[in-house]
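Here the structure is laid out as structure tokens; the discussion comes afterwards.
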Amino acid sequence: MSERLLRPIRSFVRREGRLTDGQQRALDTLYPLHGVDWQGGLLALDELFDRAAPLVLDIGFGDGEALATMAPAHPERNYLGVEVYRAGTGQLLRHIEHEGIDNLKVMLADAAELLREGIPSGSLAGLQLFFPDPWPKKRHHKRRMVQPAWLSLVADRLKPGGFLHMATDWEEYAQWMLELTEAEPLFENPHGGFAPDAGDRPQTRFERRGLRKGHGVFDLMLQRI
Ligand SMILES: C[S@@+](CC[C@H](N)C(=O)[O-])C[C@H]1O[C@@H](n2cnc3c(N)ncnc32)[C@H](O)[C@@H]1O
């Protein structure tokens, strides 16, 4: 089989150019302190933090501003943020360092791979996916993070009673998410449809961008049966 056919479908395209010296320095000095080096294989999640607490995985935190607000607001949880965008990862590392956030770690990795290979079954208290790339063109829908197989995987990685919180400003993707979650028998939707508000989710950078363009905001909050 040709290499092209073997290449996995990714939810992102790496467009990032060179980092500035400051961004590179933040990664070099702060990643060893607050980052998680994942070389493949199952992660020992209970060794990531100094203390045991329910773990929430945040996929695609962007510039990390919302996650840096959320983690200190929930001192009873540990958070692991995973991103492929190095400049944003550098920014979140700086928040963690300067604000002394001790319940948040970051990882530079493909979250789809991490979920498949690194996160043990039944180990997460929650998973949040805020404003994932909507891939609006039909021929790109296969790149969307939310797919039936991804939802089954998330259901497997969550503990019973764990939560999945997703948000998007792209209405058609919101409907897609809603329909796919309705088809996944391991999720229960206490709201029946979209949630009435954002719950404990702070406003994110991409949310603000969507609002400026006149988009609506759709939150879906599901519970693992
Ligand atoms: C539209 S942005 C939203 C960022 C942030 N959640 C917000 O609301 O401001 C989507 C982010 O997901 C990240 N992303 C996309 N696919 C990813 C993957 N497979 N693993 C990790 N991050 C991913 C992108 O790099 C990007 O920063």
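Kindly indicate the residue of the range 89-110 that is open to solvent by less than 10 Å² (accessible area, probe 1.4 Å) and in contact with a strand residue (DSSP E or B) (Cβ under 7 Å, 6 or more places away or on another chain) and also farthest from the ligand (Cβ to nearest atom) among those meeting that condition.
N103
Looking only at residues of the range 180-218 that are of a type in the set (V, I, T) and assigned to a loop (DSSP other than H, G, I, E, B), we find that the one that is most open to solvent (accessible area, probe 1.4 Å) is V217. When the range 157-179 is filtered for residues that are in contact with a Gly (Cβ under 7 Å, 6 or more places away or on another chain), open to solvent by 40 Å² or more (accessible area, probe 1.4 Å) and not acidic (D, E), the ones remaining, listed by number, are K159, F163. Check L67, L129, L151, L158 and return the single one that is modelled with pLDDT of 95 or more, in contact with a strand residue (DSSP E or B) (Cβ under 9 Å, 6 or more places away or on another chain), over 22 Å from V13 (Cα atoms) and within 16 Å of the ligand (Cβ to nearest atom). On inspection, the qualifying residue turns out to be L67.
Selection of the range 16-37 for residues being in a loop (DSSP other than H, G, I, E, B), open to solvent by less than 100 Å² (accessible area, probe 1.4 Å) and farther than 16 Å from Y79 by Cβ yields E16, G17, L19, T20. Note on the range 132-146: among residues that are touching a residue at least 60 places away in the same chain (Cβ under 8 Å) and within 9 Å of the ligand (Cβ to nearest atom), the one that is farthest from A26 (Cα to Cα) is R143. Being touching a residue at least 40 places away in the same chain (Cβ under 8 Å), under 24 Å from Q147 (Cα atoms) and among the charged types (D, E, K, R) is true of R10.
Hey, among the residues in the range 70-88 that are outside any strand (DSSP E or B), under 17 Å from L129 (Cβ atoms) and open to solvent by less than 20 Å² (accessible area, probe 1.4 Å), which one's nearest to the ligand (Cβ to nearest atom)? Here the residue is G88. When the range 109-154 is filtered for residues that are over 15 Å from the mean Cα position of the chain (by Cα), more than 19 Å from Y79 (Cα to Cα) and assigned to a loop (DSSP other than H, G, I, E, B), the ones remaining, listed by number, are W135, P136, K137.
The values are calculated or read from the model by the stated rules, or taken from the named source; none is laboratory data. Note that the structure is a prediction, hence the values are computed from the model and not measured. So basically every Cβ, Gly included, is an ideal-geometry build from the backbone, and we count neighbours across all protein chains shown. Heavy atoms of the whole protein, side chains included, go into the accessibility calculation; ligands, DNA and RNA do not. Shrake-Rupley method; radii C 1.70, N 1.55, O 1.52, S 1.80 Å.
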